[in-house]
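Trainee: Quick one: this structure, given as structure tokens, is what I'll be asking you about.
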Amino acid sequence: MNTKYESVQQYIDTFPSETKVILEKIRQIIRNNATEATEMIAYNMPAYKQKGKPLVYFAGYEKHIGLYATPSGHEAFQKELSIYKQGKGSVQFPLNQDIPYDLIQKIVLFRVAEITKK
């Protein structure tokens, strides 16, 4: 049976320590750069909304971290993200490689600006 998470901390706490550190760092990047965003669980993963609109989501997996910044967040950074496996509105950062925290920060800032100007 799959666990239904009630909080982002509960979600993060289910991962091995090395993955927890990465997830916490991504969480802090989002919180530090989207200070007005609301943190929640949506689709059973950490989710952030700004002005009621989806900002970004992230999720931990056995071999990668998934980042979901809607199609626009990924389209704007297509070149930088081209080295990673992607789907529409998603990208996978392998756990056996350095996580591109600076790029994640840029994506979050882009999404904040995009939502703010709408």
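The values are calculated or read from the model by the stated rules, or taken from the named source; none is laboratory data. Everything numeric here is computed off the predicted structure, so don't read it as measured data. Quick reminder, even Gly has a Cβ in these numbers, built from the backbone with ideal geometry, and neighbours come from all protein chains shown.
Trainee: Going by the conditions given, is ILE107 under 19 Å from ILE12 (Cα atoms), at pLDDT 95 or above and in contact with a helix residue (DSSP H, G or I) (Cβ under 9 Å, 6 or more places away or on another chain)?
Mentor: Judged against the criteria, ILE107 is not a match.
Trainee: On the given criteria, is GLN97 over 13 Å from the mean Cα position of the chain (by Cα) and part of a strand (DSSP E or B)?
Mentor: When the stated conditions are applied, GLN97 does not pass them.
Trainee: Could you list all residues from region 1-57 that are of a type in the set (Ser, Thr, Tyr), out of contact with any Gly (no Cβ under 7 Å at 6 or more places or on another chain) and surrounded by 14 or more Cβ atoms within 10 Å (Cβ to Cβ)?
Mentor: Across region 1-57, the qualifying residues are TYR5, TYR11, TYR48, TYR57.
Trainee: If you don't mind, another one. Please go through (1) in a strand (DSSP E or B); (2) crowded, with 16+ Cβ neighbours inside 10 Å; (3) in contact with a helix residue (DSSP H, G or I) (Cβ under 7 Å, 6 or more places away or on another chain) for GLN86 and return the number of the only condition it doesn't satisfy.
Mentor: All conditions are met except number (2).
Trainee: Look at ALA34 and say whether it is under 27 Å from LYS118 (Cβ atoms), more than 14 Å from the chain's Cα centre (by Cα) and of a type in the set (A, V, I, L, M).
Mentor: So ALA34 does not fit the description; no.
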